[in-house]
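Derivation of every value follows stated rules applied to the coordinates shown; laboratory data play no part. Just so it is clear, the model here is predicted, and its values are computed rather than measured. Positions of Cβ are backbone-derived with ideal geometry, glycine not excepted, and every protein chain shown enters the neighbour counts.
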Amino acid sequence: MKTCWQILEIESTTQIDIIRQAYLARLPLCHPETDPQGFKALRQAYEEALRLAVNPVEEADDEEKDAAAEHEILRAFRTLLDSESDRFQPSAWQKFIQQLNTWNMEDVDQLRWPLCAIAIEARYLSLNCASLLAERLNWHSFNDSEGMDEEEREAFLEAIQAGDCFDFLSLLEYPVALQNQTVEYYFALERCCRYHPDYVTAFLAMEGPWFIPDDAKLHRKLLRWYSSVQTGMAELIPVAKQWQMEEPESEDARYYLCAQRLYCGEGKACLPISARTGKVTHLHKLIICCCSGARVIARIISRY
């Protein structure tokens, strides 16, 4: 079950203004007529947060009681998720699963959904690692999720099947703050591209020093995402060139190289890349749409 702070999507605080702002920000998403249960949960979280803000000692006492009553496997799992060195390591997750296997089947059955709930609440979670635990506990095969939000659970299991958008192990040599910022940014970007494509342009336009991990899978995703909204990123041109070198017959590689060169302002310099294929493709159409002097370019393409 989520805490009032998780429902309000803020850290624990004693500042009433922050709590009220968080409540008002979430309120339009939980209208009492369209989502009465969501509105009820939000209102209860708001009232609980206000109560704890007035008496923070009570919250500390409750947390100590909850920690003392929690099963040691659940505590071990929280420790794994909080570990800066182990949280993205598949071997560390396998070690935790081995620890879980020392308990009898009845205990494991009782722990199945509490472990899933903790994973869902984790802010910086490797979905690739979580898939190891999902397989061990058969999260995909059981429907008796003991009071969990079914939509939230299904969305989480779908995310596990999709996996991480890049290899989180590529981050381990960097400071934890940078790791967290990077995971959070690309997770949000991927969700935006998948579920809210109309907002991708605005998302990519946000200013900030975003780190690009050394991961070929992510680089190609960035090529698709930026090109899909006709946005250039100079750092992606070498990525597309490398892709074309590795797969010289790939039309996708040619397309994304041409697209990024166009969106970065190279314009007609892209013509030789597309024209040499000897046939009209979506590369040629891209050039017609994006280059200046479209009629001249169309005459060039018509020769092929």
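Applying 1/(1 + (r/R0)^6) with r as the Cβ-Cβ distance of T13 and S228 and R0 = 35 angstrom yields a FRET efficiency of 0.35. Kirkwood radius for the range 148-194, taken over all pairs of different Cα atoms as the inverse mean of 1/r, rounds to 12.0 Å. Built from the Cα atoms of the range 71-162, the convex hull projects on average onto 5.5 nm², one quarter of its surface area. For the range 175-227, the share of alpha carbon pairs falling in successive 5 Å distance bins from zero is 4, 17, 30, 29, 14, 4, 1 percent. Label-to-label distance for S250 and F203 is 2.2 nm, based on points extended 7 Å past Cα in the beta-carbon direction. For the range 133-241, the convex hull spanned by the alpha carbon atoms encloses 144 Å³ per residue.
Annotation: peptides 29-40, 112-123, ranked by per-residue average of other Cβ atoms within 10 Å with the highest first, follow the order 112-123, 29-40. Going by neighbour counts of Cβ atoms within 10 Å, the residues I97, I160 line up, fewest first, as I97, I160.
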